[in-house]
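No value in this document is a laboratory result; all are computed from the given coordinates. The structure presented is a predicted model; accordingly, all values stated were derived computationally and were not measured. Glycine gets a Cβ as well: all are built from the backbone with ideal geometry, and neighbour counts include every protein chain shown.
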Amino acid sequence: MSNEHKAHEYRFDTKRVRSGYEPKEHNQAVSPPIYQSAAWDFRDVEHAKLLFTLQELGNLYTRIGNPTVGVLEQRVAALDGAAGAIALASGMAAITYTLLNLAEGGGRILTSPYLYGGSTDSFKKMYPKLGIHFDLAKNILNPAKLAEEITPDTRAIFIESVSNPNTVLLDVDAIAQVAHEHGIPLVVDNTVATPYLFNPIAHGADIVVYSATKGLNGHGNLIGGLVLESGKFNWNSGKFPHFSEKYYTLRDPKDQRHRDFLEVFPDFPFTMRIRFNHLNYFGAALGPFDAYLAIIGLETLSERLDKQSRNALKIAEYLSAHPQVEWVRYPALKSSPSYALYQRDFKKGAGGILAFGFKGTVEQKTKFLNSVELFHYHVNIGDARSLIVNSPQTTHHELEADEKIAADIPENLIRISAGLEDPLDLIDDLEQAFKKAIG
């Protein structure tokens, strides 16, 4: 178990392969070992005391920390420039624990309308029963007016850096400024972009969440999530009194004085509070084997995202000229409303996700999807294999009609997650599917 990111001079591509792991500390193993163990022996009674009183951070029980999981946490923290990180069993667990940690006891979260369908649906189904309510921002594309939507009960702003499925880009710097002027943190779901294409913390974000299932891993073989914190936000402002709550479990071993997370973990209180409260007692722990798969996936992150960005742009350009396509949404297209932000903030590419509007009947769209041969038809994204899906009827089927309008998700939208195949083969596959569907 380790949360502290030690800064060093290495560049991104060195960090994604080497950060958080030292072979000499693991019997000289070149690849991080899979520590498939539920618990660890204590050296002696004194060692157990040091661990339980938090005088020493170490391996105790895999539910709250594991050496393989720790490598993943430290590596992603290094890539994001984060002060602390915690890996969890899924991206939804990462979102859930983040929101519970922010608005414990009740509060409001101001959110972008451009979000993953599962996030939006959980916001209206689950959290209100826990006293946490959500306000759909009307001015998320106009940060100058966003302050008008912040209330005294607002505990955070929650956005996606690249929205799923519409690939909408937001002015993260401006939104962060508005949040900080009102003493609240900005939370950015950076799943689509990954830290390779976009670093939210460098643009003012305070909390970053990931579904490690997607681009971070890139091979469609695990479920996982992460929460990271910048280490710069002031949690002692009075808006978050639960961070100052004294706990017996955090007591000072010398005088038994009860302490809070801000005192015990001043550099990364947010992720440590999740670790010892939400993860410890709700238990969405990431297994060591899944952590190992994520670590291996990270080693090819740059190459995968480069190729996927190039493939997605070629597919987007092909679709833009196709007679059976009503519109195409991809930030790297000059016709995109997000193109200016793409040029400013996304120097390495826009990623592998794009969407287009199918011009035809529902029956023709169904036949088109049933006719693809190279694309996989399922709901994941960020895979090495190219994927296609009708998002309004699948990943965003939970959204009601007015919510789809707010998120700008028309019923004819088809989402593509470009993989690593030859782009000409992918285009050929789409073309033959169009011909079968339209005749």
Note to self: Taking every DSSP beta bridge with both residues inside region 84-213, roughly what % is antiparallel (nearest 5)?
What the structure shows: 5 percent
Check: ³J(HN,Hα) across region 112-125 via Karplus (A = 6.51, B = -1.76, C = 1.60, θ = phi - 60°), whole Hz, x for Gly/Pro?
Finding: 6, x, 9, 9, 4, x, x, 5, 4, 5, 5, 5, 9, 8
Margin query: Of Y330, A433, N370, which is farthest towards the positive pole of region 301-438's charge dipole, taken about the Cα centre with +1 and -1 on the beta-carbons of Lys, Arg and Asp, Glu respectively?
Written below: Y330
Notebook entry, point to check: Is the shape of region 99-191 rounded, prolate or oblate, going by the alpha carbon gyration tensor and its root eigenvalues a ≥ b ≥ c, with a/c under 1.5 for rounded and a/b larger than b/c for prolate?
Noted result: oblate
Next item on the list: Would you please give the residues with an amide H less than 5 Å from that of Y35, counting only those at least 5 places away or on a separate chain, with H modeled from the backbone geometry?
Entry: T68
Item checked: Neighbourhood charge, 9 Å Cβ-Cβ cut-off, centred on N412 and excluding it, Lys, Arg +1 and Asp, Glu -1 -> 0
Item checked: Whole-Hz ³J(HN,Hα) from phi, Karplus 6.51 cos²θ - 1.76 cosθ + 1.60, for region 379-389, glycine and proline x -> 9, 6, 9, x, 7, 5, 8, 7, 10, 9, 7
Notebook entry, point to check: Classify region 12-298: rounded, prolate or oblate, from the alpha-carbon gyration tensor (a ≥ b ≥ c, eigenvalue square roots; a/c under 1.5 rounded; otherwise prolate if a/b is larger than b/c)?
Noted result: oblate
Checklist line | Neighbourhood charge, 13 Å Cβ-Cβ cut-off, centred on K125 and excluding it, Lys, Arg +1 and Asp, Glu -1 | finding: -2
Margin query: Net charge around E400, counting only other residues with Cβ within less than 15 Å of its Cβ (Lys, Arg = +1; Asp, Glu = -1)?
Written below: -3
Next item on the list: Mind listing the long-range amide H neighbours of R251? Cut-off is under 5 Å, sequence gap 5 or more, other chains count too, H placed in the peptide plane at 1.01 Å from N.
Entry: R259
Notebook entry, point to check: DSSP beta bridges in the chain, what fraction antiparallel, as a percent rounded to 5?
Noted result: 60 percent
Checklist line | Extreme residue, positive dipole direction of region 12-298, given options N280, P113, F243 (C-beta unit charges) | finding: N280
Next item on the list: Show the residues, 5+ positions off or on another chain, whose built amide H is closer than 5 Å to the amide H of H376.
Entry: S386, L387, I388
Item checked: J(HN,Hα) series, region 255-272, from Karplus relation 6.51 cos²θ - 1.76 cosθ + 1.60, nearest Hz, glycine and proline x -> 10, 6, 5, 5, 10, 10, 5, 5, 7, 7, 10, x, 8, 8, x, 5, 6, 6
